[in-house]
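Written below as structure tokens is the structure these notes are about.
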Amino acid sequence: MLDLHLIRHASTAPNAEKRYPLAGEDAPLSELGRRQAAALRLPAGVVYSSPSARCLETAGLAGFTDIQPMPALCEASFGIMAGHTWAELEAAHGLAPLAWIAALGDPASCGGSPGGESGAAFHGRVRDWLNTLPESGTVLAFTHLGPLLAATRLTVGLRAAEVPVCGVAHLRRSTHQQGDDWWLVSLLPGLPG
């Protein structure tokens, strides 16, 4: 049996501004984020992380030192949405951003934000990573909201969830001759400052 803990990184300035990160932006944790990360209490296990500074820093402040960077855990590429708040996107593009986000959240969609990843490409890289996980043990993955939601969508069919910074989705998988069975053990809220 495999226990998979998907951890959303702690708070950054773009999070506080409710802004999609710019392409290539690697915002460090804010002071609040550093306190949140240091307060995380997680089990021991194999630790993977998005290569972004905010995820690696969250893992380090949570007490982990042997952290394996994993590009598959990077946030989605948001294309023209990058650097903007939702209000700015609606003012500039009307209802189109709703369609872009819906497409990005659909594992079968060839659509997404112009200049960004498609839903199929984004979910494909998360699926490929899930397929590399060991059959048993404990795995922790420090990542972003998008990959966390993609992984829960691909494993347990969870279509939407509100997961604040430092939120943790605990999934469990049993492997048998007919395939894999995944279930959601818990979805823990993030930590206050």
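The values are calculated or read from the model by the stated rules, or taken from the named source; none is laboratory data. Just so it is clear, the model here is predicted, and its values are computed rather than measured. Glycine gets a Cβ as well: all are built from the backbone with ideal geometry, and neighbour counts include every protein chain shown. Note: areas computed on protein heavy atoms with side chains; ligands, DNA, RNA excluded. Shrake-Rupley method; radii C 1.70, N 1.55, O 1.52, S 1.80 Å.
Surface listing: Val185, Val139, Val165 arranged by accessible area from highest to lowest gives Val185, Val165, Val139, probe 1.4 Å.
Accessible surface ranking for Leu42, Leu61, Leu89, 1.4 angstrom probe, highest first: Leu61, Leu42, Leu89.
Placing Thr138, Thr132, Thr12 in order of accessible area, with the largest value first and a 1.4 Å probe, yields Thr132, Thr138, Thr12. Longest stretch of the chain clear of exposed loop sites (trypsin sites (Lys or Arg not before Pro), DSSP loop, at most 12 other Cβ atoms within 10 Å, sites excluded): 42-158. I want to make sure I understand the PRE zone here: with the label point 7 angstrom from the Cα of Ala53 toward its beta carbon, which residues in the stretch 15-42 have backbone N atoms less than 19 Å away? Only 15-38 fall inside the zone, counting backbone N under 19 Å.
Note on Cys110: accessible area approximately 120 square angstrom, rounded to 10, probe 1.4 Å, nucleic acids and ligands left out.
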